[in-house]
1. Using only atoms on other chains, find how many Cβ atoms lie within 10 Å of each Cβ of peptide A:424-434 and report the average.
2. When ranked by the protection proxy of mean other Cβ atoms within 10 Å per residue, highest first, what sequence do the peptides B:344-350, A:482-488, B:277-283, B:106-112 form?
3. Compute the helix-to-body angle for A:172-183: its Cα long axis versus the longest principal axis of chain A, expressed 0 to 90° and rounded to tens.
4. Label the protein assembly as shown by shape, choosing from rounded, prolate and oblate, from the square roots a ≥ b ≥ c of the eigenvalues of the Cα gyration tensor; if a/c is under 1.5 it is rounded, and otherwise prolate applies when a/b is larger than b/c, oblate when it is not.
5. Based on Cβ point charges of +1 for Lys and Arg and -1 for Asp and Glu, what charge dipole magnitude is obtained for the range A:292-416 about its Cα centre, in debye rounded to the nearest 20?
6. Let me know the charge dipole size of the protein assembly as shown about its Cα centre in debye, to the nearest 20, where only the beta-carbon of Lys, Arg (+1) and Asp, Glu (-1) is charged.
7. What distance in nm lies between label points placed 7 Å from Cα along the C-beta direction at A:M433 and B:K503?
8. Farthest toward the dipole's positive end in the protein assembly as shown, which of A:L412, B:Q89, B:L184, given Cβ charges of +1 (Lys, Arg) and -1 (Asp, Glu) about the Cα centre?
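The values are calculated or read from the model by the stated rules, or taken from the named source; none is laboratory data. Not measured: the values here are computed from a predicted model. Counting neighbours? That spans all protein chains shown, and the Cβs are built from the backbone with ideal geometry, glycine included. The protein model used for the area step is the full one, side chains on, heavy atoms only, and it has no ligands, DNA or RNA in it. Shrake-Rupley method; radii C 1.70, N 1.55, O 1.52, S 1.80 Å.
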2 protein chains.
Amino acid sequence: MSRRSHRKRRDANQINQLPWQLLHNPFPPMEPLSPDQVESIIDAALNILERQGFRFLQDESVQILDDAGADTSNADGMVRLHRDLVTEQLALAPSQFVLRARNPARDLTIGGNNLVFASVGGPAFVSDLDKGRRPGNYAELCDYLRVIQSLNIIHQEGGGSFEPMDLPPETRHLDLYFAQLTLLDKNAQAYALGRERTADCLEMTRIAFGETDEEFSAQPAVLAIINTNSPMQLDIPMTEAVLELAAAKQVSCITPFTLAGSMSPATLAGTLAQQTAEVLAVVTLAQIVQPGAPVMYGAFASNVDMRSGAPALGTPEYTKMALASGQLARHLGLPFRSSNTTTSNCVDAQSAYESEMSLWGAVMGHTNLVNHAAGWLEGGLTASFEKLIVDAEMLQMMAETLRPILVNDDELALDAIAEVPPGGHHFGTVHTMARYETAFYAPIVSNRQNFEAWQESGSIDAASRANGIWKALLSTYDKPPIDAAIENELQSYVAKRKEEIVKSNESN
Amino acid sequence: MSRRSHRKRRDANQINQLPWQLLHNPFPPMEPLSPDQVESIIDAALNILERQGFRFLQDESVQILDDAGADTSNADGMVRLHRDLVTEQLALAPSQFVLRARNPARDLTIGGNNLVFASVGGPAFVSDLDKGRRPGNYAELCDYLRVIQSLNIIHQEGGGSFEPMDLPPETRHLDLYFAQLTLLDKNAQAYALGRERTADCLEMTRIAFGETDEEFSAQPAVLAIINTNSPMQLDIPMTEAVLELAAAKQVSCITPFTLAGSMSPATLAGTLAQQTAEVLAVVTLAQIVQPGAPVMYGAFASNVDMRSGAPALGTPEYTKMALASGQLARHLGLPFRSSNTTTSNCVDAQSAYESEMSLWGAVMGHTNLVNHAAGWLEGGLTASFEKLIVDAEMLQMMAETLRPILVNDDELALDAIAEVPPGGHHFGTVHTMARYETAFYAPIVSNRQNFEAWQESGSIDAASRANGIWKALLSTYDKPPIDAAIENELQSYVAKRKEEIVKSNESN
């Protein structure tokens, strides 16, 4: 194909997007809690840690906490944390930090009024309209990552969009990291299940950055989601990840999974108190390991459906707890993480309204990191190619909503208003023509055909249009530049570690 | 059918809903404009009215304005309104008023922090998944009104959900009013095209209320949407409606239709200035006719799609202008109306995310009346039975989001938290069991089945589930009680007026 015809093909598939941009939230946060209520909930959380305690299943962490003055001598196995210990350690955590990407132009700031969108992480399945919902493979995962790299509105990859089931589970994380670090130049989250997987992420990211250990640990570049096993427990793999991340001055985004009525009480206040207690328990451990280690207050508080016991997401309770969690995080001085969630099993109206409820709760709660911001379906069990696109549209719309309104003579346009007669139109005015290209947000997925034209072109709904869009993005994907020597070094690291892991498994 | 089996049928079709409730917005409004920017836009609007003027196509209104001191002697036919005249008249308009319903339990307050949801009004077509999109008939309109009456979250009917094309256009409004006043006991908007249709609404509503003229005009009971013909013009039928409504102390909800780039400049500030000028021109007329007549600041500012010239709705610009319009309305001391909009041609993800963008803009902009809050599709050309249900779900979720979070010992639930061991669950605690029925919002449409169960039950999306729900609501519809004498009087009025109108048409 000639260079010219190649360019033509690309133009035909070009998807109109907003440029890469860092987002800042100009609005004051929506605050459902009074200052007194915030104090009550935090006081309740500190009471829980002091009287009831928190269970760390990993022995080393119990010893670390014991050495720092926690009460670990309880018959019930709970580690009780005095409120002074908790608040002293909490005070060491930074309220804002830079999270670096392989491409420095994609570095992120986490905290303050900064707003970062991460793609979905962790599902078991992948789906698209062509092949339906299925266990995914590595080739499909790489395609999913290519679309994430292509979508400018996504700031960060979410730690593996779905499990590549064709790869052995014990070395799968190495292939994921290799794909993240070569197919994207954006920051990518770690797959932090246990010490080794976390250490591999740190080492491969360091290699990809071409840095020494010292250079690498000067500023964070790796963020991992640390889920507590609510209620009130942290398992061994997650604790190991916290220890590794904190030691390397990397980011633990501590996120209890509190579904009110199941993993926490069937009340919002109780769920918020327990969530805060769980976050603070893990923050305390991280700060003892490494004073000043970057940590985040993660909220994933929703409720169960009381008729079935099933998780309910994107609910009014979810939205309110996102807003309230933001208040609690700001009061504690921690950057705040929320999510974009839905329980819908397809990319229908429900998936969109639950996502919007989640997104407005996140954005108006002054979230710093919206996790699962694009791609999530089925309560997080599936990464959907079409939802990735529909979510990107919703995220772009949110970004545009946060852009300030300009008011000046040129924008007030009194001359243009005077120029057009009553009942006339502004289509052809000089003022309009000067703004023809850039005046308004141009959507990716949204359709504005009239009914007849839409029907004639096949009555295609938003999900089906999204199907065409991810394919177009994939067909025009550009692999971001990477030094060949670095890519080789990453390959060698993966090969060496696979060999080690296989050997170690054989000898076990 | 026996009474017992009748009750059984009803139970099977019973749809779980929130009870009828009046809504209050506890959050401060989201304000994209600085106080200076608000002043600039209002100053620009007053400049437009003073220097350029506004065209009233109806002669009587020009005379009324002339008598009040407006400059009507311009060769370009524009009525120029000095800013002092405008601000003096504006000061007479109430910032809040009660809008009565046939059933006093459904009276509404318009203004302040009160939030009212009205059903869609004005579409040319009706649609459902069974018969598709089509011109509607009167029987279908009556069914649509029955569903509106059945949905507790809808406070007000929107002035005719769609045109009943089987009825003659010149008397159609009488059949509409009869259906509104007998099938519903909620407040219903007028179909205010011209003097006669408006007068018929006032008279039939008075009859339905069983009141004298004097009793009826003591407090508003009729609200009509008054659309200007943007830019900067009010046509004869709309002007006549304003004159009738103001004289009877009923409500003109003055709503310019300003699509930036077409009916207004391709800028947000310019569109907001023009919108404000248009509202103020009509407010001035209404207050001159009847000092203290209830009026509203209506916003329908969006933008055109710059690639096609088509209207674009539920856009980021729409959301921001809804928020900004709320600021302008509050500054002017007028109750504020916004809308729930989408350009989608089917009940898909786009229809939901555009509606959510509109609703969040409306609610966070402290809208007092969300017009078209339920049922709108295709940029307002179609009233959809399924969208009515999906919107009702979104409105209920919004209502629940506005409900304050309680924080007290019982809600903080420290005993329940202490009772459940780490990694255990709260399903069976006394605290959870006591809240089993009422703890969380129970949805109408949202599905929380896991993927396998959902697939086994037919992979039904939200729109298809909504299809079953409106049918269930229709099958359990209860006609609200009405005095037989009043219903007869309404029937006689309709018959008499039809005869008059037919005769008058014959003699023309």
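1. 5
2. B:344-350, B:277-283, B:106-112, A:482-488
3. With rounding to tens, the tilt is 40 degrees.
4. prolate
5. On the way: 6 positive and 14 negative charges, 162 e Å.
In total the dipole reaches around 780 debye.
6. Working: 76 positive and 124 negative charges, 330 e Å.
I would put it at about 1580 debye.
7. 5.8 nm
8. Checked the options; the winner is B:L184.
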